[in-house]
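Trainee: Right, I'll just put the structure down here and ask away after.
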Amino acid sequence: RQNDFGADMALRKDALGFFTLDYAEFRKYFDGTGGTHRRFSTLQPVDTDKELALDIGKLGLETGLTLEGWPGLSFAYEREFKDGAKSRLTWTSVQEAAEARKTGPSWQDVEEIADTFALNANHELAGFALSGQQRWEFVRSENVRHEVFRSTTSTASNSLIRTQDQAPESTLMTTTLGAEHHFLNDRVFFATGYHFAHLDSREYETLTEMDAAGVVTNFSRAENKFDSRADNDYDSHTWVGNVTTQVGEQWSVGTKFKSEVIKRESNSSYPAYSEYVASPEAFDLVVDHTELNLTDTKAVRWGEGLSVRFTGLPRTALYTEVEFEQSRVLMREDRQSLDGPDSGNDAVATEVFRRETVTDVRRGTWTLGGRTSPWP
């Protein structure tokens, strides 16, 4: 198989540290042939005339220290990538004489890279087992979708070539801290953890329609949208804790708590260069209108739980659990349609929409169950 290879390496020394490395890459092929229609003779089947193959790979390494009396420290890096072209499930129009069918294939060029860095630490201090992780993830992608509408009577005025260029990218940072401890000769167990996440993502999109000569043209229900953009900023703080107590030899009681605070801010802009028209017109790069959207969301959640377990019967455990959750979500939306400089027939009225929504949710769950082993 072409472009299918990998390598692994591991080095380790007791009471010092370790190093591991692995790499793998392979190629995945796609079929670029379209569908068939029994009444078509010339355009059957239609092929993309492009080799559709995607190279997919991963590189990972990890190194750390295992010195006696020192905290356990490690660093990890991973890269995942895709490069090439793949087929899409979108079918384009194919026309012979006056008959048209959705039998044409489409494909997408893909270039994607994801880099992940992580620092890990764990240590035991005063009887507490402590752990922590700091993680960063960067994802960048460039995807271009191609759709060609074919016809036996193709001319510059009646053939359509559509491309969709999407460029999403995101940055994710997370912090995780944890601690656990046993008390009173292991009859009481306590554990707690905190998780913070910050996500910053954005995406650019350009959708273009061209005629057979490659000239950008506004067709009926035109799809020319340049420099559309969306941004998201997301933060979450989550804390969890639980305590388990052994009461006598037959009973155990557990409690757990959770709280979470979420904040999200997002916005998008969607410029339109042409409204729906009855016939093609020249593309003039004049914005007709721009859709602006702003959304602000804040959420707070709490959760409590209680469980009781009884093991007094031979080879049998009976248990009951009850959980409660409360949440409050506030969402503000602001949408406007701003008229552009184009004052022709494509101009649109300005739309203004604002809404504020408050949602309160309370949820409860009760479980009763048991487990038994009839035979030793």
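Trainee: Looking only at region 235-254, decide whether some residue is small (G, A, S), modelled with pLDDT under 95, open to solvent by 60 Å² or more (accessible area, probe 1.4 Å) and part of a loop (DSSP other than H, G, I, E, B).
Mentor: no
Trainee: Yes or no: R101 open to solvent by 80 Å² or more (accessible area, probe 1.4 Å) and closer than 22 Å to R162 by Cβ? Talk me through it step by step, then tell me what you get.
Mentor: Working: open to solvent by 80 Å² or more (accessible area, probe 1.4 Å): yes; closer than 22 Å to R162 by Cβ: yes.
Criteria met by R101.
Trainee: With T36, T66, T90 as the choices, which residue is open to solvent by 40 Å² or more (accessible area, probe 1.4 Å), out of contact with any strand residue (DSSP E or B) (no Cβ under 6 Å at 6 or more places or on another chain) and at pLDDT below 95? Even if it seems obvious, please write down each step before you answer.
Mentor: On the way: T66 fails: out of contact with any strand residue (DSSP E or B) (no Cβ under 6 Å at 6 or more places or on another chain); T90 fails: out of contact with any strand residue (DSSP E or B) (no Cβ under 6 Å at 6 or more places or on another chain).
Answer to the check: T36.
Trainee: Filter region 194-224 down to residues that are modelled with pLDDT under 80 and charged (D, E, K, R) and give me whichever is surrounded by the most Cβ atoms within 10 Å (Cβ to Cβ).
Mentor: Applying the first criterion (modelled with pLDDT under 80) to region 194-224 yields 211-224.
Within this subset, residues satisfying the condition of being charged (D, E, K, R) are 211, 221, 223.
Working: D211: 18, R221: 10, E223: 16.
If we take residues in region 194-224 being modelled with pLDDT under 80 and charged (D, E, K, R), then D211 is surrounded by the most Cβ atoms within 10 Å (Cβ to Cβ).
Trainee: Would you mind finding the one in E124, E112, E147 that is surrounded by fewer than 15 Cβ atoms within 10 Å (Cβ to Cβ) and in a strand (DSSP E or B)? Working first, answer last.
Mentor: Values: E112 fails: surrounded by fewer than 15 Cβ atoms within 10 Å (Cβ to Cβ); E147 fails: surrounded by fewer than 15 Cβ atoms within 10 Å (Cβ to Cβ).
Just one listed residue meets the conditions, E124.
Trainee: Can you name the number of the only condition in (1) within 30 Å of K263 (Cβ to Cβ); (2) touching a Leu at 6+ places or on another chain (Cβ under 6 Å) that W136 fails?
Mentor: Of the numbered conditions (1) within 30 Å of K263 (Cβ to Cβ); (2) touching a Leu at 6+ places or on another chain (Cβ under 6 Å), the odd one out for W136 is (2).
The values are calculated or read from the model by the stated rules, or taken from the named source; none is laboratory data. A quick note: this is a predicted structure, and the numbers were derived from the prediction, not measured. Because the Cβ atoms are built from the backbone with ideal geometry, glycine has one as well, and the counts that use them run over all protein chains shown. In case anyone asks, the SASA skips ligands and DNA or RNA and just uses the protein heavy atoms, side chains included. Shrake-Rupley method; radii C 1.70, N 1.55, O 1.52, S 1.80 Å.
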